[in-house]
Structures are given as C-alpha cells and as structure tokens.
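Nothing in this text is a laboratory measurement; each read-out follows from the coordinates by a stated rule. Treat the numbers as computed from the prediction; the structure is a model and nothing was measured. Don't worry about glycine lacking a Cβ; one is built from the backbone with ideal geometry, like all the others, and counts go over all protein chains shown.
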Amino acid sequence: MLHVSGFQPREVSALLNLSVIEEHADDAATLWRMHEHGVRAPLYRLRDLVLLDGRVLAHLDGLRTAGSAGLTFARRGLATEDPGAAFVFAYLAFSVADTDAMGQIVKVAAREPKLTDALVAAMAWLELEDVQQPLRLLRRSEIPDYRRVALAVTAAHRAQSEDIYKAGATDANPRLRARALRAIGETKNLKLEPILRSEMRAAEMSCRFWAAWSMALFGDERAAAVAFESGIDDPALSGFAIEIAMRGGKRSWAQDLIRSLARDPSTLRQAIVAAGALGDPAVVPWLLPILDQPSLARVAAEAIASITGVDLEEAAFKQDAPDDVPEEHEDDSDLRWPSPGGLSDWWQRERHRFTPGQRFIAGVPLSESAALHVLRHGYQRQRRGAAIELARMREDAVLFPTAARGDRQQRRLGR
C-alpha cells in the first residue's frame, strides 16, 4: 500500500534532504551554546531566552522527524568534543530512548566536564518522566560520575527526591557529594539540614562551600560567611560566594566586608560586585566616580543598575568604547560601556526615590513581589539574584531555575 504522499515508507527516507538535516544539527548546537551564554549574560531577559530556545527546539524537532538520519548527523559532532554537539546528540538519544546512543553519550561525557554539563542540560530539557528509567540506571552505577549526572539532572528539574540527595550527600566521592549538597539547597530539602551542618566542616573545600551555600539559602546568616570564606579564592566559586554572602549574610557583616574588599586594589572589583548584590543605594555616590576608570567602569555601571534599575541599554547611559580598551574581566565582556555623565545626571534627578540603608533590587525595595517582578522582567544576572532572594524569603520556594528552558520558566511563573 502506498503512503498518502504517493511513496512507500521506505522510499521516504531516501528523499530526505541530508543537507537540511545537517543544518538542523549544526544550528541546534550553535543556538544551544547561545542559550548557555545567554543565561549568564547581562543583556538577556526571559523573553529573549524563550525566543532563542524555541528556535533550538524547532531544530531538535527537525532532527527527530528525520529519524535515524537525524541521530547519525548528531553523532558526527561528538568527535569535535563540542558541548553544543554533545547536547544535541544527548537530547536525541534520550528522547527516542536509543539504548546504544544513550550509552555512548554517557561514556563520552563522563570524560570531559564541559560535555557532562551538556548531557545534564539535554536531560533537563526533556520531561522528567521521559528520562526516569535511564536515571534509575545511572543512579545504580558503580561509577561516581554517572551517579553525579543522575543527581544533577534530578536537581535541574527541581524534583523533591530526598533519598537521592541524601545518598549523594553522604557518598564517599567528593565531587558527587558537593553536587548533592548544592542540590539540597536548590530544592530546599529542609529535612537534610543536619547533613549540611556536618559538611560545613568537611575537609574538601567544595563540600564546605556548597553545604554553607545551601544553609544560607535556608536562612542561616552565619553560613553565608562560611560560604564566602570557603569559595572566594576559587575562580569557579567566587561569584557564587559574593552573591550568597551579600544576599544571605548579616547586613552589618556584609557592609564591613565590602569596605574591606574596597580597601585593596586587588579586590576592588569584588567589592563593586558585592555592593550591587547587597542593593543599598548608599553606595551609589561611591560607584559613580569609578565609572571614569576604564578597567572598572562597566562592572560599576552594572552594580548601579542592579540597585537602581536604570536600564544601561538606553542611549543616554552608554557610549562608545575607549580607544585603548584595558584587559577585561570575562564577566564584563558583554556589558555596554557606560556614560559617566549620563548616569550621574540621572542619579541627581532620581536619588530622592532611594532610601539609604534599605535594600533595593533593580530599582524596587526588596520584597517577594519585587523578586518575582525581576524574575519575570529583569536581565539574567538580576534574575539570578532575585531567585536567591525569593528562595530565602519563602520557606516553600525552591531556587528558581533561571538557566532552564525558557518556556519551562514561563510556566513556573504562571505566564
């Protein structure tokens, strides 16, 4: 019997446009890498992620429609060890439950951390119920990195799996244990607080840090100080350490810490980032003159925006880059060059709206409703801060996943 198109089913595959399939694979990988950059970038909002992620999903759907040919093209990208290619192959492998392909990507990803992250992301983009069976197999594995993948995927979905996180947090493997301690905070598993308190004294720095970070999310101000001390000297953790210290620590301690960091030129940038996270407009007059220092101008402007909500994308607040651009911090590369005069003039007009000593987030006094507003409308870095604030203010709130698929985030926010 002929198919309704006039071709036998076996003939349809011969008619597939292989160049289109290849384009789907390449574009899906490229766009997902843009997503990974965007969720940490200063100029992305949730609406931007929704549009971008919709394009990723469209290409992934094209690959799924192509059947085995789509999986074949996706597999070719693995040889490059590109995270985008690994994400695409993993998404297809788990979405069609191809046992051989799933086993292949797990083995490849376990050897390279950046590919492990891509594998976790792919399984997090799928529905949790669609990956439950492979997650069970990974959790039973004797290989700690496989168990770590399963735990990270479960946490990315913000699933309340107390037994899974408890097993990971008491595992002998430090990397698995650290990821589990972080997951306890992300999912607000309050019953596992005794494990966190114990691990705040762990020999491994990463375990101490994530145990203290999670305790700070639970509302322990002293734990925020432990997290700062444990993570500030680690480049991979210092940003997390500053954020949780300012948003979770005792106010007077946080203010003293900013003063201490500001006195040392080598930690002045950290002081600026910390001031933006704390959100007290009393620091704005200190930040404005720093706008004239090219090496710190952009991070100072972002700190001002984090407190006041001024939109640095407006023409009055940005200018061309200087002729001699100084060596930049990687977190500043996507920021606009600010106009010192424009921001100073704006502050003179608007400063009456900001009460020194009160915490603000993106121009609004800090509250649950303000944090929710920023999660819906703010830039990504502001949204990450708002997620921490909301998790601390509401005992029943998990840490909002600002790096998740855009449409999933919208659903969580009721949009």
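Okay, here's what the table says:
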item	result
Net dipole in debye of the chain [+1 Lys, Arg Cβ; -1 Asp, Glu Cβ; about Cα centre; nearest 20]	1420
Rounded FRET efficiency, nearest 0.05, which uses the C-beta distance separating ALA58 from ASP320 and R0 of 45 Å	0.80
Calculated [θ] (222 nm, deg cm²/dmol) that DSSP helices of n ≥ 4 give over the chain, each run adding -39,500 (n - 2.57)	-19500 deg cm²/dmol
Using alpha-carbon coordinates, inclination of helix 297-308 to the longest axis of the chain, degrees	90
Inter-label distance for ALA79 and LEU190, nm, one decimal - labels placed 7 Å from Cα along Cα-to-Cβ	5.5
Neighbourhood charge, 15 Å Cβ-Cβ cut-off, centred on GLY309 and excluding it, Lys, Arg +1 and Asp, Glu -1	+1
Dipole of the chain, positive end: most advanced residue of GLN293, PRO134, THR187 [Cβ charges, Cα centre]	THR187
Dipole magnitude of the stretch 169-249, debye to nearest 20 (Cβ charges: Lys/Arg +1, Asp/Glu -1, about Cα centre)	240
Residues VAL106, VAL56, sorted so that the one with the fewest Cβ neighbours within 10 Å comes first	VAL106, VAL56
Which label in (i) 75, 54, 48; (ii) 78, 50, 39; (iii) 69, 54, 51 gives the computed Cα extents along the principal axes in Å	(ii)
Local electrostatic count at VAL398 - Lys and Arg +1, Asp and Glu -1, tallied over other residues with Cβ under 9 Å	0
Alpha carbon centroid spacing (whole Å) that separates the stretch 16-81 from the stretch 232-292	37
Unit charges at the beta carbon, dipole of the chain: most positive-side option, LEU399, GLY385, LEU237	LEU399
Neighbour net charge for LEU57 - beta-carbon separation under 12 angstrom, K R +1, D E -1	0
Residue-by-residue Karplus 3J(HN,Hα) for the stretch 348-365, coefficients 6.51, -1.76, 1.60, Hz, glycine and proline x	4, 6, 10, 4, 4, 7, 10, 8, x, x, 9, 7, 10, 9, 6, x, 10, x
Estimated inter-spin distance, LYS166 and SER19, nm [label 7 Å along Cα→Cβ]	5.9
Pair GLU328, ASP130: separation of 7 Å Cα→Cβ label points (nm)	3.7
Interchain or long-range residues, amide H under 5 Å from LYS318's placed H	SER339
Extended-chain gain in nm, criterion 0.36 nm per residue less alpha-carbon gap, ARG111 and ALA97	2.8 nm
